[in-house]
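Written out below as structure tokens is the structure these notes cover.
The values are calculated or read from the model by the stated rules, or taken from the named source; none is laboratory data. Bear in mind that the values here come from a model prediction, so they are computed numbers and not experimental data. Glycine also receives a Cβ, built like all others from the backbone with ideal geometry; neighbour counts cover every protein chain displayed.
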Amino acid sequence: MTLDDILASLFPKGHEIRNDKGVLLGSATLRRGDKMLVLGVADRTALGVDEAIRLSGHVLASIGRDSGPILVLVDSDSQRMSKRDELLGLNEFLAHLAKVLIHADMNGRPTIGLLYGHSAAGALLATGLATRVLIGLPGAHPAVMDLPSMAKVTKLSMEALEKKAKSTPVFAPGLSNLVQMGAVHMTWSNDASLADQLEVLLADMPAARDQRDTLGKARGGRLKAADIAERVRDLALQAR
């Protein structure tokens, strides 16, 4: 599905979302009639300082002014790897965007990520993985880190990493692996109305929470995260 197809299926009542050089900003009308703030990255655009601050500003401007959920659409490259962006402190801009989304979610604006294309590394962490739930569409291809980059960081051979990727989702790119790890909450169908699927999800959002660790354990993709998080919580409570 193209971005236009996705938006038409999500918002049959219309939307005011503009694509400005790969940055998506605007709002849309939900089937039930209220508004949803929309932002994101399109056309496999790299997420740099300029893009991150515009996206952050769009969310911050709506806090205290608007209400309703927030949708983050994602089809990006990784973070922009340029000297200019690095010198300006790209890591801080990406962290700011993630914190803005988390702040909105913690203050009555439930956040949903919709991964419909590619995304990787810092761009994925600061957008889709910073929302309360991340939804994947068939054909999406995320990668927290590609195997050649992982080989440079871990000093393991490509052969060793390719072998691990066959049995351990943490080492492998792709939508199915992020689903198994719990990073992707669920995968929607292209054959059904996206508006219908969005309404079902929104109805559950008041009770929903970040379940990435428990989902990862239940799906066999991250076996230790939930137990470690629970142990840390117990120790913190004991130390009070």
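Here's a check for you: in region 37-88, which residue that is of a type in the set (D, E, K, R) and under 18 Å from the mean Cα position of the chain (by Cα) is nearest to His141 (Cα to Cα)? Step by step, filter region 37-88, then rank; the result is Asp75.
Could you list, in sequence order, the residues of region 22-42 that are touching a helix residue (DSSP H, G or I) at 6+ places or on another chain (Cβ under 9 Å) and either at pLDDT below 95 or under 13 Å from Glu199 (Cα atoms) (or both)?
First, the residues of region 22-42 that are touching a helix residue (DSSP H, G or I) at 6+ places or on another chain (Cβ under 9 Å): 22-28, 30-32, 36-42.
Leu30, Arg31, Arg32, Met36 - these are the residues of region 22-42 that are touching a helix residue (DSSP H, G or I) at 6+ places or on another chain (Cβ under 9 Å) and either at pLDDT below 95 or under 13 Å from Glu199 (Cα atoms) (or both).
Say whether the condition of being within 17 Å of Gly22 (Cβ to Cβ), in contact (Cβ under 8 Å) with a residue 12 or more places away in the chain and β-branched (Val, Ile, Thr) is met by at least one residue in region 101-118. Scanning region 101-118 turns up no residue that is within 17 Å of Gly22 (Cβ to Cβ), in contact (Cβ under 8 Å) with a residue 12 or more places away in the chain and β-branched (Val, Ile, Thr).
Within region 210-229, restricting attention to residues that are under 25 Å from His103 (Cβ atoms), of a type outside the set (S, T, N, Q) and out of contact with any strand residue (DSSP E or B) (no Cβ under 9 Å at 6 or more places or on another chain), which residue is surrounded by the fewest Cβ atoms within 10 Å (Cβ to Cβ)? Working first, answer last.
To start, the set of residues in region 210-229 that are under 25 Å from His103 (Cβ atoms) comprises 210-216, 225-226, 229.
Keeping just the survivors that are of a type outside the set (S, T, N, Q) gives 210, 212-213, 215-216, 225-226, 229.
With out of contact with any strand residue (DSSP E or B) (no Cβ under 9 Å at 6 or more places or on another chain) added as a condition, the list becomes 213, 215-216, 225-226, 229.
Working: Asp213: 18, Leu215: 21, Gly216: 23, Ala225: 17, Ala226: 18, Ala229: 13.
Among those that are under 25 Å from His103 (Cβ atoms), of a type outside the set (S, T, N, Q) and out of contact with any strand residue (DSSP E or B) (no Cβ under 9 Å at 6 or more places or on another chain), it is Ala229.
Just to be sure before I move on: is Asn177 under 22 Å from the mean Cα position of the chain (by Cα), part of a loop (DSSP other than H, G, I, E, B) and of a type in the set (S, T, N, Q) in the structure I sent? For Asn177, the condition - under 22 Å from the mean Cα position of the chain (by Cα), part of a loop (DSSP other than H, G, I, E, B) and of a type in the set (S, T, N, Q) - is not met.
Of all residues in region 1-24, those that are touching a residue at least 12 places away in the same chain (Cβ under 8 Å) and farther than 14 Å from Leu137 by Cβ have Cβ atoms under 8 Å from Cβ atoms of residues that are of a type in the set (A, V, I, L, M) and part of a helix (DSSP H, G or I), 6 or more apart or on another chain, in Phe11/Ala195; Pro12/Ala195; His15/Leu7; Ile17/Leu7; Asn19/Leu3; Val23/Leu55.
Residues of region 59-68 being closer than 15 Å to Arg132 by Cβ and either in contact with a Phe, Trp or Tyr (Cβ under 9 Å, 6 or more places away or on another chain) or modelled with pLDDT under 95 (or both), which ones?
Of the residues in region 59-68, the ones closer than 15 Å to Arg132 by Cβ are 59, 68.
Passing the criteria: only Gly68.
Among the conditions (1) at pLDDT 90 or above; (2) surrounded by fewer than 20 Cβ atoms within 10 Å (Cβ to Cβ); (3) not in a loop (DSSP other than H, G, I, E, B), Ser189 misses just one, which is (3).
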